[in-house]
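Read the structure below first, then the notes.
Every read-out reported here was derived from the displayed coordinates using simple, explicitly stated rules and does not represent laboratory data. Remember, predicted model here, so these are calculated numbers, not experimental data. All Cβ positions, even for glycine, are placed from backbone atoms using ideal geometry, and neighbour counts span all protein chains on display.
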């Protein structure tokens, strides 16, 4: 959620247009979220994502895209 919110903020502030600039916004948003996660893990001494809180997606209700 942090990566999405950061990416949206960057996009709106920069009024980004076009694929490559939007891709850069998304990469920067992901980098912010990644560094935040690592900082939380460093400060708490515990991993953020564990086997206990990892959600496995079953794929139910999802359709695979058809190849043309």
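Values computed for the structure shown
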{"read-out": "Residue list for segment 1-23, restricted to those being part of a helix (DSSP H, G or I) and surrounded by 15 or more Cβ atoms within 10 Å (Cβ to Cβ)", "value": "3, 6, 7, 10, 11, 22"}
{"read-out": "Tabulated pairs, segment 37-55, first under 17 Å from residue 1 (Cα atoms), second part of a helix (DSSP H, G or I), C-beta under 9 angstrom, 6+ apart or interchain", "value": "37/2; 48/37; 48/38; 48/40; 48/41; 49/37"}
